[in-house]
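None of the figures in this text is laboratory data; all of them are computed from the coordinates on show. For clarity, every value in this text was computed on a predicted model and none was experimentally measured. Here the Cβ positions follow ideal geometry from the backbone for every residue, glycine too, while neighbour counts run over all protein chains shown.
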Amino acid sequence: MTAKRARSVFLFLTLIVMATASVAQEKPRETLPPVDSPYPAPDFELQGEDGKTYKLSDFRGQVVVLNFWATWCPPCRFEMPSMESAWQMLEGKGVMFLGVNVGEDEDTIFEFTGEYPLSFPLPMDRDGSVIKAYDVVGLPTTYIIDPKGRVTHRAVGSRYWDGPHIVDALRALLKKN
Amino acid sequence: MGSRFVLSLIGALLLTESAAGGTAAVATTGIDEQAKLPYWQLANKYMSLRLVQRLPDQSRGFFQARAFSKEHAERIAQSCVFQTVFKNLSNQSDPSPLEYNMREWVVYSKGRERGMKTREDWATEWQEAQVAQPSRIAFEWAMMPTRQAYEPGDYNWGMSMFNLKPDTPFDVKVVWQQHGKTHNAMIKGIRCAPDIHPDPEEYQ
């Protein structure tokens, strides 16, 4: 192989690597996958880091964005600002956000919210019983629950929750029911 | 630049993917920008799997901060931990759910084959060792799921453990299902992180 040909092959391979890397590093998509068939969301009652008690069925009639997360989980941290931004847009408009923290205590969450200010409720699933009642296998996982209390969508991994596609989908779910 | 270099580069970049008709997955390696540590990645248009080295000291620190004893944190640290990111890159215009089960993956090292050490394997150990529940919960959710199904746009981060000593070289056969087919691909020349003690400010 000549040096010129070798350089061409090297350039070609470099382009392949760059293209592959750009695919792998792309930002999370605004997909909100529907579940095959909507099913009743398991009810729960948990204490929030604010000291209040949150019961899922109390939010019947609203769309609920039910997010399972932990402070040490990088994609959970990544999506929290957009979740807060979506909450700011939708608060009081029939959409409730619940960020269920898995396995951590008030102090840890308090420290986290110093860095990531969050104003929606953060119920604490200290013993992991609620996350087990849902079919979560990795964090973060977010369920969308319709006003009738049925799970209609599940997103595994972070999303831009304040993106127009997702915000419109949440509004549409409210109108549909 | 000689032809041998180019051929070795081709060998490092391309790998065989045995599923007929699938878009071949390409393996690459480099330094992860965030972790500043080596990664090995397998990717095509529809999926990507990235394994990023985690230093034993990082695992010691993480798990001791979650109330694991020094002995147990050491056991984890010596188990060849990788930060793992698996993504379904298919989009809504060409949606293709993706599934994997780590129990189908095979680790090749020093002429031997072995399976991954999953979070269920560890859960049994922690229960026998009577590790406190908050620590067990933190461990379970920090681990990469053993099995997972991803819809378009879904992905997970988590630790995966290859159960090898620090600085050990190995290959792994990755198996996943997408487009109604089972895909197999080898990632060669991976290496467990060495047990070094870096400046804490250098690695996040």
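Key figures for this structure:
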read-out: Zone of A:SER37's modelled label, taken as backbone nitrogen in region A:124-138 under 19 Å from a point 7 Å along Cα→Cβ; value: A:134-135
read-out: 5 angstrom amide H check on B:ASP32, placed H, neighbours 5+ away; value: B:LEU37, B:TYR39
read-out: Kirkwood-Stokes translational diffusion coefficient of region B:45-179, alpha-carbon pairs, 4 °C, 1.567 mPa s, µm²/s; value: 82 µm²/s
read-out: Under 5 Å, built H, 5+ apart or other chain: amide partners of A:GLY149; value: A:GLY61
read-out: Integer Hz, Karplus 6.51/-1.76/1.60 couplings in order for region B:165-170, x for Gly and Pro; value: 6, x, 6, 8, x, 7
read-out: Pairs of lysines in chain B (C-alpha under 26 Å apart; 8 or more residues apart or interchain); value: 28
read-out: Burial ordering of A:ILE166, B:ILE31, fewest other beta-carbon atoms within 10 Å first; value: B:ILE31, A:ILE166
read-out: Number of partner chain Cβ atoms within 10 Å, mean per residue of A:133-141; value: 4
read-out: Candidate lysines - alpha carbon under 17 Å from A:LYS132, same-chain residues fewer than 8 apart omitted; value: A:LYS55
read-out: Sorted by Cβ neighbour density within 10 Å, fewest at the top, the residues B:ARG60, B:ARG119; value: B:ARG60, B:ARG119
read-out: From phi via Karplus (6.51, -1.76, 1.60), per-residue ³J(HN,Hα) for region B:136-150 in Hz, x at Gly/Pro; value: 5, 5, 4, 5, 4, 7, 7, 7, 5, x, 5, 10, 7, 10, 10
read-out: Whole-number percent relative contact order across chain B, with pairs defined as alpha carbons under 8 Å at least 6 apart; value: 25 percent
read-out: Helical mean residue ellipticity (222 nm; -39500 (n - 2.57) per DSSP H run of 4+; nearest 500) of chain B; value: -7000 deg cm²/dmol
read-out: Estimated vicinal HN-Hα couplings, Hz - region B:96-109 in sequence order (Karplus 6.51, -1.76, 1.60; Gly, Pro = x); value: 8, x, 10, 10, 8, 9, 4, 5, 8, 7, 10, 9, 10, 8
read-out: Order by protection proxy (mean Cβ within 10 Å, highest first), peptides B:43-50, B:106-113, A:167-174; value: B:43-50, A:167-174, B:106-113
read-out: Within region A:132-153: backbone nitrogen closer than 20 Å to the A:LYS55 label point (7 Å, Cα to C-beta); value: A:133-134, A:145-151
read-out: Residues whose placed amide H lies under 5 Å from that of A:VAL35, excluding near-sequence neighbours; value: A:HIS153, A:ARG154
read-out: Contact order normalised by residue count of region A:30-176, Cα under 8 Å, 6+ apart, percent; value: 38 percent
read-out: Förster radius 30 Å - calculated FRET efficiency between B:LYS36 and B:TYR108 (Cβ-Cβ, nearest 0.05); value: 0.65
